């Protein structure tokens, strides 16, 4: 297994916190931008019926557009201001009509606020809790120790029955050069079959335990004299070569390790916060036609 991929898979997958954002429309598809106010006020990009659109809000939109690959330009800025102005006009009109009052809209507004605050909390945590060098070095040594010092280049033939594997071994004893042809003819592994069973270079720890252990015991240029059983079937393995693995230096993988440790620390904090909270989950309503009964709830007590 590639070391970089190992580190990537080790990283915890933390659910992304969504943020309700505006997106600037394509310049060719929007109306002409509104003329800027004169004279310009410090920190104000435009005003709409006396209400300011701040430069900071426009700059935020520019950053988001740039992150999506749009080139920043005066035209893009003008379009962003135009779209923000239009949205402000429509939003105020919606408020006048009381469209912010229905439960569905109110829930969406509340969820947007929660998402933004949750994201701000996470960003603040990462900023104020950097990973120290001692923890990074310890994690580096831990990962390094868990990866095999040797990697192997091998081929295999996978069959369903042990008798088939033994028959293949008997044929290889007569003609070892027939391995690739037999793999193309007999192997059930679609990933290597057409390449004569070639698995390329790999870390034995990235394979199922029985396969990895069998490969590590083989001599270069030899094939397994007995079928190797795994949950996939029976394997005949031919070891072509082996070499010492060069583990990347700490400086090369430091950013990835740092991100991984930050996410681990954050998850630990979030789990602790959740365990201390009083979370009450209501049971789903009874299906139509069922006897009516009082709603029940399941309560998760706060941790002491």
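List of remarks:
- Checked against (1) in contact with a strand residue (DSSP E or B) (Cβ under 9 Å, 6 or more places away or on another chain); (2) within 24 Å of residue 162 (Cβ to Cβ), residue 225 passes all but a single condition, namely (1).
- Options 139, 151, 180, 164: the member that is in contact with a strand residue (DSSP E or B) (Cβ under 8 Å, 6 or more places away or on another chain), surrounded by 14 or more Cβ atoms within 10 Å (Cβ to Cβ) and modelled with pLDDT under 95: 151
- Residue within segment 5-18 that is in a helix (DSSP H, G or I) and either modelled with pLDDT of 95 or more or crowded, with 16+ Cβ neighbours inside 10 Å (or both) present: yes
- Across segment 200-250, the number of residues qualifying as in a strand (DSSP E or B), free of Cβ contacts under 8 Å to residues at least 60 places away in the same chain and closer than 12 Å to residue 151 by Cα comes to 2.
- Which numbered condition residue 139 misses (of (1) assigned to a loop (DSSP other than H, G, I, E, B); (2) within 21 Å of residue 247 (Cβ to Cβ)): (1)
- Residue-level analysis places residue 180 among those that are assigned to a helix (DSSP H, G or I) and touching a residue at least 24 places away in the same chain (Cβ under 8 Å).
The values are calculated or read from the model by the stated rules, or taken from the named source; none is laboratory data. Just so we're clear, the structure is a prediction, and the values are computed from it rather than from any experiment. Reconstructed Cβ throughout: ideal geometry from the backbone, glycine too, with neighbour counts over all protein chains shown.
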